[in-house]
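Below is one structure, written out as structure tokens; comments come after it.
Only the coordinates and a few stated rules stand behind these numbers; no lab work does. The model shown is predicted, which means the values in this text are computed figures rather than measured ones. A quick note on method: Cβ atoms are made from the backbone with ideal geometry, for glycine too, and the neighbour counts reach across all protein chains shown.
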Ligand code: SF4
């Protein structure tokens, strides 16, 4: 979005930070370690004496930390992105608009700001505010521009894509039907959906998601398998509801890829609660699990809890969940060895390799210099818990 604004003012992306006149740092503060990384980067850039604009969640919730580390930086929180163009123009002027160039063949398609949740651990909610869905027609126009510019893959994203349109009298299923009706050979990946909101739109979403242009990939963060902890987190669903939803999605598409998130060591989590999470993961068998140790964020209800889980215990639980995650993913991916799959080449890999995505968004590494955006038939020759490795089948 900000890159598009820069292009429309005639400015182009530099090869690297050293050559840039202006550095825009988009920040995240979802957990403490990420916040620390952001502050380190702000300090580094501050030392280079470049024009710096800090955007994203830190600009909303911790502007004082930005000022402390880079006093001259301009701070533009997400609620003020409409001022970004004026800020750039006042410092650098503007030239004739440049064509918008997608990042490789992949374009991010933001569909909303904020969410309808009130999770007790979440600082993003404070930074991004209540749900503000972008008008459907604007999203369609953005998608058309990205496709006309060469994109082959659109990443539909927001804090919770499942609540898209709740404030506009529409829903994600409707938006996806309009996107898949656009002409061209492209794929869409739907970003994170919270289970409570997906439950509300499942009858509209599932038929739309079954379109051939949409990756059969679902990111459904469960966070815990314990109903007691889910209630403490303010998530608005029970573990059984998540299992039911996944059962329905798998019935519609048995080979789908499932990604989920869990938090280890949430305040008040007992060893029985932790075992409920282990049990749920064994039941739903996700391909990907993002395991995070609870990180207390200032200003959130969970920050005030007196029932903190000792760090050592949270670490052990996190390790156990990660090991389980890799065991499940190893088994799932090993079963794909020997199969033939079609992939869309989306990334340049390490060395002389390229990476493509299957129709279920699994990454496949191949040793062949195929152009980005092309398709190939590959035989899967080996796997790890995170990747498949394939060999192109010659036509
Ligand atoms: S749904 Fe919950 S975790 Fe996600 S952004 Fe909203 S409040 Fe935060």
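What translational diffusion coefficient, to the nearest whole µm²/s, does the stretch 136-196 have by Stokes-Einstein, given a Kirkwood radius computed over alpha-carbon pairs, a temperature of 25 °C and 0.890 mPa s viscosity?
203 µm²/s
Whole-Å semi-axes of the stretch 106-334's equivalent ellipsoid, largest first, each the root of 5 times a Cα gyration tensor eigenvalue?
Semi-axes from the Cα gyration tensor: 31, 21, 15 Å.
Counting only DSSP beta bridges with both residues in the stretch 106-334, tell me the antiparallel percent, nearest 5.
About 10 percent, rounded to the nearest 5.
Relative to the present Cα-Cα distance, how much length would full extension add between residue 67 and residue 312 at 0.36 nm per residue of separation?
84.8 nm
Percent antiparallel among DSSP beta bridges with both residues in the chain, to the nearest 5?
The answer is about 40 percent antiparallel.
For the chain, what does the helix formula give at 222 nm: sum of -39500 (n - 2.57) over DSSP H segments with n ≥ 4, over the residue count, nearest 500 deg cm²/dmol?
Using -39500 (n - 2.57) per qualifying helix, the result is -11500 deg cm²/dmol.
Grab every C-alpha pair in the stretch 340-392, bin the distances at 5 angstrom width from 0 up to the longest one, and report whole percents.
Pair shares across the bins are 5, 25, 39, 25, 6, 0.
Mind grabbing the base-10 log of I(q)/I(0) for the chain at q = 0.11, 0.12 Å⁻¹? Debye formula, identical points on the C-alpha positions, no solvent, two decimal places.
Taking Cα atoms of the chain as identical point scatterers yields -0.92, -1.11.
Between Rg and the Kirkwood Rh of the stretch 1-75, both from Cα atoms, what is the Rg to Rh ratio?
Taking Rh as the inverse mean 1/r over Cα pairs, Rg/Rh reads 0.97.
Classify the stretch 81-202 as rounded, prolate or oblate, taking a ≥ b ≥ c as the square roots of the eigenvalues of its Cα gyration tensor: rounded when a/c is under 1.5, otherwise prolate if a/b is larger than b/c and oblate if not.
It comes out oblate by the Cα gyration axes.
Ranking request for peptides 80-86, 235-241: highest mean number of other beta-carbon atoms within 10 Å first, then the rest in descending order.
Output ranking for 80-86, 235-241: 235-241, 80-86.
How do 62, 266, 389 line up, fewest other C-beta atoms within 10 Å first?
Fewest-to-most Cβ neighbours within 10 Å comes out as 389, 62, 266.
Taking Cα pairs under 8 Å and at least six residues apart, what relative contact order does the stretch 2-92 come out at, in percent?
This gives 28 percent for the stretch 2-92.
Contour minus end-to-end for residue 94 and residue 331, with contour as 0.36 nm per residue of separation and end-to-end as the Cα-Cα distance?
Residue separation times 0.36 nm, minus the Cα-Cα distance, leaves 79.9 nm.
Using Cα-Cα distances under 8 Å and only pairs 6 or more residues apart, what relative contact order does the chain have, in percent?
Contact order relative to length: 11 percent.
Summarise the long-distance tail of P(r) for the stretch 201-259 by giving the % of C-alpha pairs beyond 20 Å.
31 percent
By what distance, in whole Å, do the Cα atoms of the stretch 246-395 stretch along each of the three principal axes, largest value first?
Projected onto the principal axes, the Cα atoms of the stretch 246-395 cover 63, 32, 24 Å.
Determine one quarter of the surface area of the Cα convex hull of the stretch 1-128, which equals its mean projected area, and express it in nm² to one decimal.
If you wrap the Cα atoms of the stretch 1-128 in a convex hull and average its projections, you get 8.6 nm².
Just need log10 I(q)/I(0) for the stretch 102-165 at q = 0.18, 0.26 Å⁻¹, Debye formula, equal scatterers on the alpha-carbon atoms, no solvent, rounded to two decimals.
-0.67, -1.01
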